Amino acid sequence: MNQNPHVSRRQFLKASAVTAAGAAVFPTIIPSSVLGANAPSKKVQIGHIGCGRIGHTMDMPGLLKQKDARIIAVCDLDSKRLEHAKTYVEGTYAKQQASDKAVAVKTYGDYRELLRNPQIDAVSISTPDHWHAELMIAGSQAGKDIYVQKPFTMTLVEGRAASDLLRAQKRAFQIGSQQRSEKQFRLACELVRNGRIGKVHTVKVGLPVDPAGGNETVMDVPANLNYDMWLGSTPKMPYTEERVHPQNSISDRPGWLRIDSYCLGMITGWGAHHVDIAHWGMGTEYTGPLEIEGKAEFPTKGLWNVHGAYHIEAKYANGATLIIDNKFPTGIRFEGADGWIYVSRSAGKVTASDPASAFGKALDASDPKILNSKIGPGEYHSHESSDHHLDWIKSIQSRQPAATNPEQAHRSTSACILGWISMKLGRKLRWDPVKETFVGDDQANAMLSRPQRSPYGIDRLLKKG
């Protein structure tokens with residue numbers, strides 16, 4: 001049954017047909033952690049894919065502290081980063097308890113080999129954005145539960161396919177929109193949805209920007225990097241270190257974040273976080289805008305070509321206008337007929353190499369009394385989580401939804417993708433959020449997907465089932 005009223009019956013039936021064959025080969029796997037005292041392990045067994053900056057600073061640390069989970073395998077296309085991850089995971093477990101000292105972490109240079117490991121219940125994906133869709137779909141087809149870093153996908157067509165598949169196969173899912181597990185964001189959205197500022201008419205989202213530049217000098221591919229597979233479904237391009245990631249650092253911000261073959265820029269990089277909160281507060285988590293118009297500055301020189309300064313306005317069926325602009329304080333401001341609420345991370349950077357951003361207070365309002373308002377038992381209450389990775393582990397064990405489901409992740413990311421398309425075209429676009437197509441605009445609709453270089457991409461996976 002299609003539980004999302006904004007996904008057409010045609011879309012759902014198509015996805016169901018595609019996944020039926022896969023379900024026959026890879027039945028839904030019940031994690032070893034929930035099989036009782038006689039199970040091989042009482043912990044959720046995780047394979048982590050992508051051992052770079054976000055993997056080392058966010059996802060592996062978040063999973064390593066979970067008592068009911070264990071990372072038993074790591075995968076990366078750079079053998080130096082792969083060995084570093086193995087040492088890091090094994091060393092962390094050795095410090096936690098002596099009984100873990102003898103347990104070796106398996107290493108894989110190809111995700112397909114990792115997915116064939118029957119001991120792995122779930123995969124955590126911390127790769128560049130252009131790999132997210134393929135890894136989610138392949139992981140789901142292999143019977144694994146899925147954690148993926150934001151944004152959900154690079155293209156809207158990929159997002160629709162991944163959401164349909166993950167829901168049809170009932171995977172325990174979480175996306176790295178960790179703001180859903182931070183108290184101030186949950187409270188802000190509950191207050192807005194329960195009418196504390198009246199009918200919402202405007203939501204303002206502030207995001208930072210990335211610099212232009214980048215060294216275009218062609219270099220020899222390092223022996224430790226499988227560069228062809230790193231490019232994946234994107235076009236063949238000459239190697240230069242600032243296209244990929246630093247060879248002598250894991251903590252520095254990689255160049256791929258600034259090239260729109262692999263990342264659309266801050267509109268999805270941070271936009272996936274903040275637009276997700278905007279949708280949460282507006283109650284538009286399963287739809288999208290009706291109109292969107294954007295403008296932006298794009299570099300004309302250098303390797304890095306993602307957008308610079310920008311302004312986007314999107315109108316929703318509920319009458320609200322979402323405005324995204326790099327000049328706003330980094331965060332989300334809900335404006336209603338009776339006041340406003342602003343919410344942000346306040347502390348600023350998530351990783352040391354994040355761009356500098358101007359944050360406001362963690363939680364602020366036009367009237368302090370709004371923030372002290374009690375939300376009654378008969379009012380809207382959202383899913384409550386205080387630890388994003390733990391929330392996913394609990395979802396795997398209970399088979400109940402985590403803080404974010406695939407369709408919510410797709411819709412927040414797709415709104416960002418629509419913003420990117422409008423910025424590239426520099427004009428107003430009309431959007432049908434049910435059919436997920438632009439109205440009467442072939443040029444814009446052509447940008448909802450991208451050609452896929454063989455043998456990579458999602459098309460071959462969906463054909464195989």
When the range 265-317 is examined, which residues are found to be in a strand (DSSP E or B) and aromatic (Phe, Trp, Tyr)?
-> Trp304, Tyr310
Go through (1) within 30 Å of Ile332 (Cα to Cα); (2) not in a loop (DSSP other than H, G, I, E, B) and name the single condition Glu242 misses.
-> (1)
Right, Gly457: free of Cβ contacts under 8 Å to residues at least 12 places away in the same chain and in a loop (DSSP other than H, G, I, E, B) or not?
-> no
Options Ser140, Ser163; residue that is closer than 19 Å to Ser412 by Cα, in contact with a helix residue (DSSP H, G or I) (Cβ under 6 Å, 6 or more places away or on another chain), of a type in the set (Gly, Ala, Ser) and at pLDDT 95 or above | Ser163
Collect the residues in the range 236-257 that are closer than 15 Å to Asp129 by Cα and not β-branched (Val, Ile, Thr), keeping them in residue-number order.
-> Arg243, His245, Arg253, Pro254, Gly255, Trp256, Leu257
Test each condition in (1) out of contact with any strand residue (DSSP E or B) (no Cβ under 7 Å at 6 or more places or on another chain); (2) surrounded by fewer than 19 Cβ atoms within 10 Å (Cβ to Cβ) for Ile417 and report the one that comes out false.
-> (2)
For residues that are in contact (Cβ under 8 Å) with a residue 60 or more places away in the chain, of a type outside the set (Phe, Trp, Tyr) and within 15 Å of Ile54 (Cβ to Cβ), tally how many sit in the range 216-256.
-> 6
Using the structure shown, decide if Val209 is within 30 Å of Trp280 (Cβ to Cβ), outside any loop (DSSP other than H, G, I, E, B) and within 22 Å of the chain's Cα centre (by Cα).
-> no
Quick one: would you say Leu303 is modelled with pLDDT of 95 or more, of a type outside the set (Val, Ile, Thr) and surrounded by fewer than 21 Cβ atoms within 10 Å (Cβ to Cβ)?
-> yes
Return a yes/no flag: does the range 245-254 have any residue that is farther than 22 Å from Gln452 by Cα and of a type in the set (Lys, Arg).
-> yes
Would you point out which residue out of Ala168, Ala104 is farther than 20 Å from Gln408 by Cα and of a type in the set (Gly, Ala, Ser)?
-> Ala104
Do we have any residue at all in the range 152-172 that's on the phi > 0 side of the Ramachandran plot, among the basic types (Lys, Arg) and either touching a His at 6+ places or on another chain (Cβ under 7 Å) or not assigned by TED's automatic domain parsing to the domain that holds Tyr286 (or both)?
-> yes
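The values are calculated or read from the model by the stated rules, or taken from the named source; none is laboratory data. The model shown is predicted, which means the values in this text are computed figures rather than measured ones. Because the Cβ atoms are built from the backbone with ideal geometry, glycine has one as well, and the counts that use them run over all protein chains shown.
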